[in-house]
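Here's the structure we're looking at; comments come further down.
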Amino acid sequence: MNTLQLIWLELRHRSASALLTVIVVSLAVATVHFFQLTARASENETRMIQRDAGLNLLILPAGTDLNHYWAQGYSQQTMPEEFMLKLEDQQVANRLVPLLQRRIDVGMKKVMLTGIAPEVFKGGQKKKQVYGMAPESGTVFVGADVARELQLQLNQKLQLLGQELEIVVILPPAGTADDVRIYAALADVQKLLNLPGQINEIQALECHCEDPTEDPVRALTAELGPLLPGAKIVRRNDLADARRQQRLLAEGFLAIATPIVVLLCGLLVAALAALNLRERRPEIGVFHALGYPRSKIASIFIGRILLIAFFAAIVGSMLSSFFLDQVAADLFKLTSKPVVFDSTLLLQAMWLAPAFALVAAALPLAFSLSHDPAHDLQPK
Amino acid sequence: MSAFLAVENLSHSYGKLEVLAQMNLQIEAGEFVVVRGASGSGKSTLLSILGCMLRPSAGMVQLKGVDPFSLSASERAQLRAQDVGFVFQTMHLLPFLNVLQNACLPIRADPQTAKAMLSELGLTDRLDHKPAQLSVGERQRVALARALLPQPKLLLADEPTGNLDDVNSGRVIDGLIQFQQMGGTVILATHSPPSALSRLQATQQLSL
C-alpha cells in the first residue's frame with residue numbers, strides 16, 4: 001500500500017478529526033490574514049487621513065519676511081515658477097503645489113486671491129490629485145464667507161482686478177482661511193497681478209524620513225537648499241510631527257503585533273500536529289514492527305500534516321478575504337477595495353502553514369523514530 | 001552462539017526497575033518456545049528485544065548469527081520485514097484500514113495470498129470490514145494473518161489469546177502450530193495456565 005493511499009484512508013476514517021483540524025488551521029490562517037490585511041488597510045487609511053490633514057511644508061521666496069507672511073498669509077517676494085521643475089527629482093517633498101497669492105479688494109471686502117496649479121509629484125509619480133484645486137482658466141472657486149458677504153452666486157461673473165471670471169464653485173464653509181479666499185488658475189492670477197512666470201509659495205508634503213532619529217528640518221534643508229538658492233523652507237511642525245508620530249506608532253505596532261499573531265497561530269497549528277502525532281504513536285510502532293523504513297513512516301505522518309495545512313491555508317485565505325469583504329467597506333472607507341484580496345498572502349500561507357506544521361511535527365516524529373519502537377506500542 | 005536465536009547475559013531495566021536479569025537462551029529454527037510469567041514479569045520486554053524492537057540494557061542478542069543491535073536502524077527494519085512477525089495481545093490493527101488492507105500492510109504481503117489466508121482463518125466475508133466492526137477473535141485472526149503473510153522465520157506472539165474465548169484461542173493456537181509445522185520458529189508469551197495450552201507441544205518452556 002503506498003503512502004498516499006495510507007494518508008487518504010486515514011483522513012477518510014478520521015474525517016471528523018481531520019475536518020476539525022482543517023477548521024482550526026483555517027481559522028488560524030484566516031486570523032493571520034485578516035490581521036495582516038486589516039493592518040495594511042489601517043496603515044493606508046491612516047496615511048490617507050493624515051494626507052488629508054494638509055500640506056506641512058512651505059517653500060517661500062528668498063527675502064520673505066515671516067512676520068508679514070504669518071500676519072497677511074502670503075509672501076511679498078516671488079520666485080520663478082521654474083523652481084517647480086527643480087523639485088521633481090528630490091526625495092524629501094512630494095505633492096508640490098505652486099501658489100501665487102495677494103490680498104486684494106473685491107467690492108468692499110478684502111479677500112485673498114490665490115492662483116493655484118495642479119499638484120506635481122516627485123519623480124513623475126502618477127497619483128490622485130488631492131491638494132491642487134486647479135480651477136480652469138477663466139473660472140474661480142469662491143470661499144463660503146466671500147460668497148455670503150458679497151452675495152455671489154454660482155455661474156455669476158465676478159470682476160477681479162478689471163477682469164471678468166466665472167464662479168464655478170462656491171466652497172463649503174471650512175472654518176479656515178479658505179472661507180475668505182478666491183481660487184483662480186495660476187496663469188490667470190499671474191496675468192492679473194502682472195507677475196508672469198512668478199509664484200510666491202510652494203506647498204508640499206514632507207516625505208517619510210527613513211531614519212526616525214534624523215532631524216527632519218536638517219534633512220529638508222540639506223536636500224532642498226541647493227536646489228532653491230535663498231528660498232525659505234518652513235516645516236509646519238504641528239502637522240508634520242503629528243503625521244510622523246502617528247506613522248511611527250502604526251508601524252511600530254505592526255512590527256510588534258504581526259510576528260506575535262503569526263507566532264500564536266503557528267503554535268496552534270504546531271500543537272495540533274504534535275497532538276495528532278502523539279495520538280498515533282502506536283501506529284508508528286506497528287509500522288516499525290512490520291519493518292517499514294523510517295523514511296516511509298515519516299512520509300506517512302508528515303504527508304498528512306502537510307496536506308491538511310496546505311488545504312487549510314487555501315480555505316483560511318478565502319475565509320479571511322470573504323470576511324474582510326463584508327466588513328472592509330465599513331471599516332476602511334478610503335482604502336477598502338484595494339486590500340480585500342492579496343494573492344501574495346495566499347501564497348505565503350500556502351507554504352507558511354505547512355512549514356509550521358512540518359516543524360511542529362518534525363520534532364516529535366524525529367523523537368518517535370529515533371527511540372526503540374517498542375515504546376510506541378506500550379500501553380499509555 | 002550458532003543457534004537461530006541466542007541471547008547471552010541479557011538484562012533490561014526501565015529506570016531502576018530491572019525486568020530481565022542475566023538471561024541466557026538458545027533457540028533453534030523450527031522450535032516452539034513458550035514463555036510463561038505473570039503480568040509485568042518481562043515477557044513483552046523479552047519479545048520486544050528478540051524482535052529487534054527494543055535495545056537491551058545489557059547482554060547480547062543474535063538472530064541468525066547477527067547482532068541486530070549492531071545494525072543500522074534501516075538494516076534492522078529490513079531484518080524485521082524479512083524475518084520477524086509479531087502478534088500482539090492488543091492486535092494493533094490500523095483502525096482506518098479494512099481487514100484485507102490490514103493484512104496486506106506488511107511490505108512483502110501479496111493481496112491474493114492474503115485473501116487465501118484470511119479465508120482459511122474464516123474471514124472471507126469480513127474482508128471489507130474495519131477492525132471496529134469485528135469481534136475480538138476476528139481481530140486477532142487478522143493480526144495473525146498480517147504477521148504470517150510476509151512468511152517470517154520467527155513469529156513472536158505476545159499474549160495472543162489473552163482476550164479471547166476458547167474457540168478463538170484454539171484458532172489462533174492452530175495458526176501458530178501450523179506456522180511451526182511449516183518450519184517457522186514461534187515464541188509465545190502467555191500467562192495462561194499450562195492446561196489452557198495443552199495442545200501445544202512446546203520444545204522449550206521458560207518461566208519469568
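Annotations
- Taking a sphere under 12 Å around the Cβ of residue A:254 and counting the other residues whose Cβ falls inside, with K and R at +1 and D and E at -1, yields a net charge of 0.
- With the helix formula -39500 (n - 2.57) applied to DSSP H stretches of n ≥ 4, chain A reaches a computed 222 nm mean residue ellipticity of -18000 deg cm²/dmol.
- Net dipole in debye of the range A:55-235 [+1 Lys, Arg Cβ; -1 Asp, Glu Cβ; about Cα centre; nearest 20]: 320 debye
- DSSP H segments from chain A that extend 30 Å or more along their own axis, Cα-based, with Kyte-Doolittle mean of 1.6 or above: A:343-370
- The protein assembly as shown - share of DSSP beta bridges that are antiparallel (%, nearest 5): 60 percent
- Accessible area per residue in Å² at 1.4 Å probe, computed on the range A:55-235: 48 Å²
- Here the spin labels are modelled as points 7 Å beyond Cα on the Cα-Cβ line, and at residue B:199 and residue A:153 they lie 11.7 nm apart.
- Cβ-placed point charges (K, R +1; D, E -1), dipole of the range B:1-120 about Cα centre in debye, nearest 20: 280 debye
- Largest to smallest accessible area among A:371, A:288 [probe 1.4 Å]: A:371, A:288
- Of A:107, A:83, A:202, farthest towards positive along the dipole that unit charges on Lys, Arg, Asp, Glu beta carbons give the range A:55-235: A:107
- Modelled FRET efficiency - R0 56 Å, residue A:275 with residue A:330, Cβ distances, 0.05 increments: 0.90
- Span from the the range A:233-282 Cα centroid across to the the range A:342-380 one, whole angstrom: 24 Å
- Rounded to the nearest whole angstrom, the semi-axes of the ellipsoid equivalent to chain B, taken from the Cα gyration tensor as √(5λ), stand at 28, 19, 16, largest first.
- A:34, A:323, ranked by accessible area, largest first (probe 1.4 Å): A:323, A:34
- Percent of Cα-Cα distances greater than 30 Å, calculated over the protein assembly as shown: 67 percent
- For peptides A:184-192, A:247-255, sequence by mean Cβ density within 10 Å, most packed first: A:184-192, A:247-255
- Per residue, the average separation of C-alpha pairs within less than 8 Å and at least 6 apart gives chain A a relative contact order of 26 percent.
- Segment residue B:58-residue B:119, extension gain: residue separation times 0.36 nm, minus the distance between their alpha carbons: 17.6 nm
- Surface calculation, 1.4 Å probe, protein heavy atoms: residue A:70 sits at approximately 150 Å² accessible.
- Within-14-Å neighbourhood charge of residue A:168 [Cβ basis; K, R +1; D, E -1]: -3
- A loss of 10 Å² or more of accessible area (1.4 Å probe, protein heavy atoms, ligands and nucleic acids excluded) relative to the isolated chain is seen in these residues of the range B:103-144: B:104, B:105, B:106, B:107, B:130.
- Separation in nanometres of the label points that stand 7 Å from Cα toward Cβ, at residue A:264 and residue B:11: 5.3 nm
- Exposure of residue B:107 as accessible area (Å², to 10), given a probe of 1.4 Å and all protein chains: 90 Å²
- Once backbone amide H atoms are built at 1.01 Å from N, residue A:199 has A:79, A:81 as its partners under 5 Å, excluding neighbours fewer than 5 places away on the same chain.
- Apportionment of accessible area to carbon and sulfur, the range B:140-208, percent (1.4 Å): 46 percent
- Between the listed residues B:124, B:109, B:192, the Cα displaced farthest toward the positive end of the dipole of the range B:76-208, a dipole computed from Cβ unit charges relative to the Cα centre, is found at B:109.
- Summing Cβ point charges (Lys, Arg +1; Asp, Glu -1) relative to the Cα centre of chain A gives a dipole of roughly 1060 debye.
- Interface residues of the range A:255-289, defined as a loss of at least 20 Å² in heavy-atom accessible area between the chain alone and the complex of all protein chains with a 1.4 Å probe, are A:283, A:286, A:287, A:288, A:289.
- The residues B:125, A:178, B:166, sorted by heavy-atom accessible surface at 1.4 Å with ligands and nucleic acids left out, run B:166, B:125, A:178 from largest to smallest.
- Computed from protein heavy atoms with a 1.4 Å probe, the total accessible area buried between A and B is close to 2100 Å².
- Of all DSSP bridge pairs formed entirely within the range A:55-235, close to 75 percent run antiparallel.
- Shielding of peptide B:44-52 by partners, expressed as the average count of other chain Cβ atoms within 10 Å per residue Cβ, is 3.
- With the charge dipole of chain A set up from +1 on Lys and Arg Cβ and -1 on Asp and Glu Cβ about the Cα centre, the Cα lying farthest toward the positive end among the listed residues A:118, A:66, A:292 is that of A:292.
- Applying 1/(1 + (r/R0)^6) with R0 = 41 Å to the Cβ-Cβ distance of residue A:378 and residue A:257 gives a FRET efficiency near 0.40.
- Accessible surface of the range A:1-48 [probe 1.4 Å, protein heavy atoms]: carbon and sulfur percent: 66 percent
- Segment residue B:70-residue B:82, length gained on full extension (0.36 nm per residue, minus Cα span): 2.6 nm
- Counted charge near residue B:67, where neighbours are those whose Cβ lies closer than 13 Å (Asp, Glu -1; Lys, Arg +1): +1
The values are calculated or read from the model by the stated rules, or taken from the named source; none is laboratory data. Note that the structure is predicted; figures quoted are calculated from it, not measured. Don't worry about glycine lacking a Cβ; one is built from the backbone with ideal geometry, like all the others, and counts go over all protein chains shown. Please note that ligands, DNA and RNA were not included when accessible areas were found on the heavy atoms of the full protein model with its side chains. Shrake-Rupley method; radii C 1.70, N 1.55, O 1.52, S 1.80 Å.
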